[in-house]
Amino acid sequence: MSWIISIVSILEVLLLLHVAAVDIATRTIRNEICLALALLGIVSQLASPMQLLESLVAAAILFLVLLAFYMRGWMGGGDVKLLAALAVGLPLSGIIQLLTVTALAGGVLALLHVTMRNLPSPRLAPAGASFARRVYAIERWRHLRHAPLPYGVAIACGGIWAIFSRGF
């Protein structure tokens, strides 16, 4: 059974890396990814039905709380679904780790966002420019237009941390 948990954990980490990259590029988190993460979380806890039940209840409560945040405009809908989907596969201590590391990573992300205010506005990145320069040019452009933070990056950091803490 431990090899299944290892494979599930690797798949979860890969999906979270994908979420972070796509959120940076498009500011969206796809429902299919959230569903896949929730299903992988269920598979990772099949050996412990009581823990799975606790996680499902905790994920439902977390979803409802975050839904209230979404309704007030404090969070994006994809972020709410991603956090709830990750909570399905974690024990209660893992959910606390997820939320804590996500908040810390979100703070770093917000500091980077604020720092961008003081950076010079780049010209459009020419063809053949480095990936870092293209990302910087696009993010600076988005920042000037008050685009939201790609908070999926912070959630992915929290999720990866919680998955590694859960063990392979």
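Taken over segment 28-41, residues that are within 23 Å of Arg166 (Cα to Cα) and either free of Cβ contacts under 8 Å to residues at least 24 places away in the same chain or surrounded by 15 or more Cβ atoms within 10 Å (Cβ to Cβ) (or both) amount to 8.
Checking Val114, Val88 one by one, the residue that is farther than 30 Å from Ser48 by Cβ and among the β-branched types (Val, Ile, Thr) is Val114 and no other.
Considering only segment 14-36, state which residues are touching a Phe, Trp or Tyr at 6+ places or on another chain (Cβ under 8 Å) and more than 19 Å from Leu149 (Cα to Cα). Hits for segment 14-36: nothing passes. Among residues of segment 1-27 being among the polar types (S, T, N, Q) and open to solvent by 70 Å² or more (accessible area, probe 1.4 Å), the one that is farthest from Thr102 (Cα to Cα) is Ser2.
Contact annotation: residue pairs with Cβ atoms under 6 Å, 6 or more positions apart or on different chains, pairing a residue in segment 141-168 that is under 18 Å from Met116 (Cβ atoms) with a partner that is assigned to a helix (DSSP H, G or I) and of a type in the set (S, T, N, Q), are Ala154/Thr102. Within segment 109-122, take every residue that is free of Cβ contacts under 8 Å to residues at least 12 places away in the same chain and part of a helix (DSSP H, G or I) and give me the one that is most open to solvent (accessible area, probe 1.4 Å). Per the criteria, the residue is Asn118. Can you tell me which residue is modelled with the highest pLDDT among those in segment 123-161 that are outside any helix (DSSP H, G or I), open to solvent by 30 Å² or more (accessible area, probe 1.4 Å) and within 22 Å of Leu16 (Cα to Cα)? Filtering segment 123-161 for residues that are outside any helix (DSSP H, G or I), open to solvent by 30 Å² or more (accessible area, probe 1.4 Å) and within 22 Å of Leu16 (Cα to Cα), the one modelled with the highest pLDDT comes out as Tyr151.
Beta carbons closer than 8 Å, at least 6 apart along the sequence or on distinct chains, pair a first residue in segment 1-23 that is within 13 Å of Gln45 (Cα to Cα) with a second that is of a type in the set (S, T, N, Q) for Ile4/Ser44; Ile5/Ser44; Val8/Ser44; Ser9/Ser44. Scanning segment 115-168 for residues that are more than 14 Å from the chain's Cα centre (by Cα) and hydroxyl-bearing (Ser, Thr, Tyr) gives Thr115, Ser121, Ser130, Tyr136, Ser165.
Within segment 1-44, can you find the residues that are modelled with pLDDT under 90 and touching a helix residue (DSSP H, G or I) at 6+ places or on another chain (Cβ under 6 Å)? Result: Ile5, single match. For segment 8-43, the set of residues classified as closer than 12 Å to Gly89 by Cα and among the aliphatic types (A, V, I, L, M) consists of Val8, Leu35, Ala36, Leu37, Ala38, Leu39, Leu40, Ile42, Val43, listed by residue number. For Ala47, the criteria (1) modelled with pLDDT of 95 or more; (2) outside any helix (DSSP H, G or I); (3) open to solvent by 70 Å² or more (accessible area, probe 1.4 Å); (4) not aromatic (Phe, Trp, Tyr) hold in every case but one, which is (1).
The values are calculated or read from the model by the stated rules, or taken from the named source; none is laboratory data. Note that the coordinates shown come from a computational prediction; the quantities given were computed from them, not determined experimentally. Virtual Cβ from ideal backbone geometry, glycine too; neighbours counted across all protein chains shown. What goes into the accessible areas is simple: the full protein's heavy atoms, side chains included, and nothing from ligands, DNA or RNA. Shrake-Rupley method; radii C 1.70, N 1.55, O 1.52, S 1.80 Å.
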